[in-house]
Amino acid sequence: MACSKLFSGDLPELIDEIIQYFHYDYKTLHSCILVNRLWCSLAIPLLWEDPFSFPTKNYHFIEIYLNYLNDDYKTKLNEYVIHNDILNSNTLFNYPKFIQHLDTYEVYNSIEKWVKTVKNSTTKGPVFNYSMKNVNLSYSQVSNFTNLIFRSLFLIFIENEVNLHSFEVIPPVMR
């Protein structure tokens with residue numbers, strides 16, 4: 001009986017202590033979000049506090065942030081190079097609010113990799129929720145698009161009044 005009460009959410013502060021123990025164990029945190037709503041609500045903020053520095057090849061989190069764009073930026077995005085059917089979808093959490101650490105270099109680097117992945121997946125068949133309208137973009141067009149996403153993400157973070165613990169401004173290396 002006591003064990004069932006522990007896992008039913010009667011002791012959220014104890015479960016929070018357990019989940020905090022796995023702070024940088026992303027695989028375990030991902031498993032925690034699948035247990036129940038309480039565990040999910042405790043683990044999601046840890047997973048989303050610094051998503052740009054995760055060692056991953058999955059950049060879908062950028063798409064989730066783009067759901068928070070205002071209508072002007074959605075129009076710019078759709079006119080520029082992206083065709084997207086789900087920009088108006090709702091998310092379960094306010095993910096931008098969880099950001100605690102931002103490094104401009106990591107943000108820009110992640111966006112570049114996301115753009116490259118979306119561009120490549122457009123030619124191979126849709127894998128992402130986004131596809132490029134024109135896969136034959138010049139270097140300057142890709143750069144302009146990447147900068148638009150970069151500005152858009154920071155606008156999202158500003159509009160959501162994120163509470164940063166660290167903010168590093170490192171200019172990207174010009175290639």
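Some observations on this one:
- Of the residues 50, 25, 72, ranked by 1.4 Å probe accessible area with the largest first, the sequence reads 72, 25, 50.
- Long-range amide H partners of residue 103 with built H, under 5 Å: 168
- Highest mean packing comes first when the peptides 29-35, 137-143 are listed by Cβ atoms within 10 Å, giving 29-35, 137-143.
- Solvent-accessible area of residue 56, all protein chains in place: 50 Å² (probe radius 1.4 Å, heavy atoms, ligands and nucleic acids excluded).
The values are calculated or read from the model by the stated rules, or taken from the named source; none is laboratory data. Keep in mind it's a predicted model, so treat the numbers as computed, not measured. Glycine also receives a Cβ, built like all others from the backbone with ideal geometry; neighbour counts cover every protein chain displayed. Side chains included, ligands, DNA and RNA excluded: accessible areas come from the protein's heavy atoms. Shrake-Rupley method; radii C 1.70, N 1.55, O 1.52, S 1.80 Å.
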